[in-house]
Amino acid sequence: MLNSRPDEFFTGKETMDLEALFPGRRALFFPTISSTNDLARELASQGAAEGTLVVADEQTAGRGRLGRRWLAPAGTGILLSILYRPAWTASEAFRLTMACSLGTAEAVKAITGLEARVKWPNDILVNGKKVGGILAELGWEGERLSYAVVGLGLNVNWDVTTCPEIARAATSLSIEAKKPIDRQGLLKAIVEAVDRRYALCLSGKSEELRGDWERRLDTLNKIVTIETEAGRVQGQALGVDAEGALLVRDAQGQVQRITVGDVVVSSGL
Ligand code: BTN
């Protein structure tokens, strides 16, 4: 049983652990919280510094994109939010989702050996199943970001087959690696990798981020069906543009730019 005895990383001396893990950084741990994103946004509105990190073992109101719930029993996942303050415009904001999913994929590879891929716009997949997701929430000052909270939920040591709501499409790292994963080591590696990717963007290398993210795109070159507010779009996924829009060549040969939607089906060419 993969989750019969959740690991004990987050119990007892959590705050100490985070202080040791992330020296010099404001890093808050909660055994239970409503949502790490909610607290990080609250801290942002109080003027908290870039890099502030909120980690929880369990959320009572964890949420995903488009108002969906994010489920993760205590002791099984990584639930975190990082506050960033880039003075970016709306067209640049998707970089944060890219930095977080790519950094997470890199850390997953380093700690578990598993190849993680990304699914547009915000999912992290292992072996074709969802293992994590990103929820970026933004605050504005005029046309520029005043803050960005990037939330990550990752299924680590969880037998997701015990959760009918997600069992079909989801997996966890322990299932795929066939062994329990060190959450503390993974947490540290993720935060460091996401910071690194973010810093590269700030230093003008966002095109490198876009290219690396695109290469990890699970649907790249595949035939996809996307549900959008305006209806279904079908075609070949060509990649993503600098703003993070998915580029799809439809049956008429037109390249459509999809900014909001869900990839519901994909198949090889
Ligand atoms: C998605 O797949 O739709 C995104 C899921 C994001 C979940 C994380 S868990 C930590 C942070 N707090 C939240 O309430 N949501 C994000």
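Annotations
- Local electrostatic count, ILE258, Cβ distance below 14 Å [Lys/Arg +1, Asp/Glu -1]: -2
- Rolling a 1.4 Å probe across all protein chains gives SER91 an accessible area of roughly 50 Å².
- Figure note: THR162, THR52 ranked by solvent-accessible area, largest first, 1.4 Å probe, ligands and nucleic acids not counted: THR162, THR52.
- With an a/c value of 1.5 or above and a/b larger than b/c for the gyration tensor axes a ≥ b ≥ c computed over the alpha-carbon atoms, region 148-205 is described as prolate.
- The share of accessible area on the chain that comes from carbon and sulfur is 50 percent, using a 1.4 angstrom probe.
- Surface accessible to a 1.4 Å probe, per residue, for the residues of the chain, Å²: 45 Å²
- Above-threshold pairs, the threshold being 20 Å between Cα atoms, out of LYS109/LYS130; LYS179/LYS222; LYS130/LYS205; LYS130/LYS179; LYS109/LYS179: LYS179/LYS222; LYS130/LYS205
- Between region 129-156 and region 30-67, the alpha-carbon center distance in angstrom: 10 Å
- Sequence-distant contacts, meaning Cα pairs under 8 Å at least 6 residues apart, place the relative contact order of the chain at 17 percent.
- Listed by chain and number, the aspartates and glutamates placed with their C-alpha closer than 13 angstrom to that of LYS178 are ASP159; residues fewer than eight positions away on the same chain are left out.
- Taking all pairs of distinct alpha-carbon atoms in the chain, Kirkwood radius in angstrom: 18.8 Å
- The shape of region 144-269 comes out oblate: with a ≥ b ≥ c from the C-alpha gyration tensor, a/c is at least 1.5 while a/b does not beat b/c.
- If the Kirkwood radius is taken over C-alpha pairs of region 21-114, then at 25 °C and 0.890 mPa s the Stokes-Einstein diffusion coefficient equals 168 µm²/s.
- Under 12 Å, Cβ to Cβ, from TRP213 - net charge with Lys/Arg +1 and Asp/Glu -1: 0
- The overall shape of region 222-268 is rounded: from the C-alpha gyration tensor, with semi-axes ordered a ≥ b ≥ c, the ratio a/c is less than 1.5.
- Spatial separation of Cα centroids for region 207-242 and region 101-120, in angstrom: 18 Å
- Amide H contacts of ARG26 (H built 1.01 Å from N, under 5 Å, at least 5 apart or other chain): LEU53
- Estimated 222 nm signal from helices in the chain, with DSSP H stretches of n ≥ 4 weighted -39500 (n - 2.57), rounded to 500: -8500 deg cm²/dmol
The values are calculated or read from the model by the stated rules, or taken from the named source; none is laboratory data. Since this is a predicted model, take the numbers as computed values, not measurements. Every residue, glycine as well, gets a Cβ built from its backbone with ideal geometry; the counts of neighbours run over all protein chains shown. Keep in mind that these areas ignore ligands, DNA and RNA; they rest on the heavy atoms of the full protein, side chains included. Shrake-Rupley method; radii C 1.70, N 1.55, O 1.52, S 1.80 Å.
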